[in-house]
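Just below is one structure, and these are the notes that go with it.
Here, each number is a calculation from the coordinates, and none is a lab measurement. Remember, it's a predicted structure, so these values are computed and weren't measured experimentally. Glycine gets a Cβ as well: all are built from the backbone with ideal geometry, and neighbour counts include every protein chain shown.
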Amino acid sequence: MIRIPIYQPSLTGNEKKYVAECLDSTWISSKGKFLAEFEKRFAEYTGIKYATAVSNGTVALHLALVALGIGRSDEVIVPTLTYIASVNSISYTGAEPVFADSLMDTWQIDPEDVKRKITPRTKAIMAVHLYGHPCDMDPLVDITKSNDLFLVEDCAEAFGTLYRGKHVGQFGDISTYSFFGNKTITTGEGGMVVTNDKTLYDRSVHYKGQGLAAHRQYWHDVIGYNYRMTNICAAIGLAQLEQADEFISKKIQIASWYDGFLKGLPVKTHGQTGDVRHSYWMYSILVEEPSARDLLRKHLEDAGIETRPLFYPAHTMPMYSSRYQKFPVADNLGWRGINLPSWPGLTREMVSGICETVRSFFK
């Protein structure tokens, strides 16, 4: 029986009030006042000019790539250590995902390996900010500029994350967020595409709404998609956004509790490296030997504590493994990592109990 889940959302703000307003107004689908307000407030919060809400984080990535014109014969460089949606979204366009290794200190994409993977077919680099820590954006921006490439930021796990004082999502040509139920702010299912480029914004809005022409009713001039968010989801998102600073502060506090209670144990934590703010979407640790990872997870499960493994590198998945490849850092991290519970309702005493259970495993 799970006593402490890996995550559960906090819905103690205006969520019920705003959803009830949607129901009373009958604006429950993809039009309504909460959509425009959520998009506007989200753009303001993250320091981006334009934001358009979509139905989930995966379609946000696909839409971003479609807006850039990525397609067949193109290559997009992406970290192999990522959630599979980052990679699948590239495949949806007909382009080929080209994998890059990670950095051991931050767990993020390795800019030097990115350089090695560039070919004449490369059109974009996808920087995925994993578990709340940002990628090293300065070298990635330099690489894209010097090679005339697009830069896409996958910020699904990095809402509230800062790089050199700026929110992630500001560095790419186009960037995306996810609002799944386990994200720092949630709409249940949902996502956002953000950009400072008006043309890319207009293209994203056009494609997400079935390719509907702007000035002719029921006239469709491109093959589009139904990727729109509902007004109800946006209402929840707006209520969550009102509490964003509180959620992020609590996650950072939870991370500091873990840091203290885990001190002296044979685990390495996913800490903050460089001039950044790690938003700790998940609090993650590495065990010393891969063989201990599943044993520790079972030990915690028996105590009613839910955990997750780090993402398995995408190049090991059956659909992407036809060509044998080795990525030493990503492989190492992927087999040693564990995500521990990290959500706003966790108390210091609960974190202490989790860490005491970890400690008992190593006795």
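General observations
- Averaging 1/r over every pair of different alpha carbons in the stretch 235-363 and inverting the result gives a Kirkwood radius of 16.3 Å.
- Computed per residue of the chain from DSSP H runs no shorter than four, each worth -39500 (n - 2.57), the mean residue ellipticity at 222 nm is -12000 deg cm²/dmol.
- Across the stretch 66-71, coupling constants 3J(HN,Hα) worked out from phi with the 6.51/-1.76/1.60 Karplus curve, θ = phi - 60°, read 5, 4, 7, x, 5, x Hz, and Gly and Pro carry x.
- Across the stretch 15-241, the relative contact order, built from alpha-carbon pairs under 8 Å that are at least six residues apart, equals 28 percent.
- If the segment from S322 to N147 were pulled out straight at 0.36 nm per residue, it would be longer than the present Cα-Cα gap by 60.2 nm.
- Three-way shape label, the chain, alpha-carbon gyration tensor, a/c 1.5: oblate
- With 25 Å as the limit, the listed pairs K115/K208; K49/K208; K298/K363; K117/K326; K183/K250 have K115/K208 beyond it between alpha carbons.
- K263/K117 FRET efficiency (R0 35 Å; Cβ-Cβ; nearest 0.05): 0.40
- Neighbourhood charge, 15 Å Cβ-Cβ cut-off, centred on S321 and excluding it, Lys, Arg +1 and Asp, Glu -1: 0
- Our summary gives the stretch 241-363 a relative contact order of 36 percent, counting only alpha carbon pairs under 8 angstrom and 6 or more residues apart.
- Shape category assigned to the stretch 58-164 from the gyration tensor of Cα positions, a/c cut at 1.5: oblate
- Eligible aspartates and glutamates near K263 by straight Cα distance, threshold 20 Å, same-chain separation 8 or greater: D105, E288, E289, E349, E356
- Loop trypsin sites (Lys or Arg not before Pro), the stretch 27-113, which have at most 13 other Cβ atoms in a 10 Å radius of their Cβ (DSSP): K31, K49, R72
- Distance from the alpha carbon centroid of the stretch 290-314 to that of the stretch 57-134 works out to 27 angstrom.
- Listed peptides 337-344, 242-249 by packing density, highest first (mean Cβ within 10 Å): 337-344, 242-249
- Rounded to the nearest whole Hz, the Karplus-based 3J(HN,Hα) values (6.51 cos²θ - 1.76 cosθ + 1.60, θ = phi - 60°) of the stretch 147-153 follow the sequence 10, 6, 10, 7, 10, 10, 9, with x at glycine and proline.
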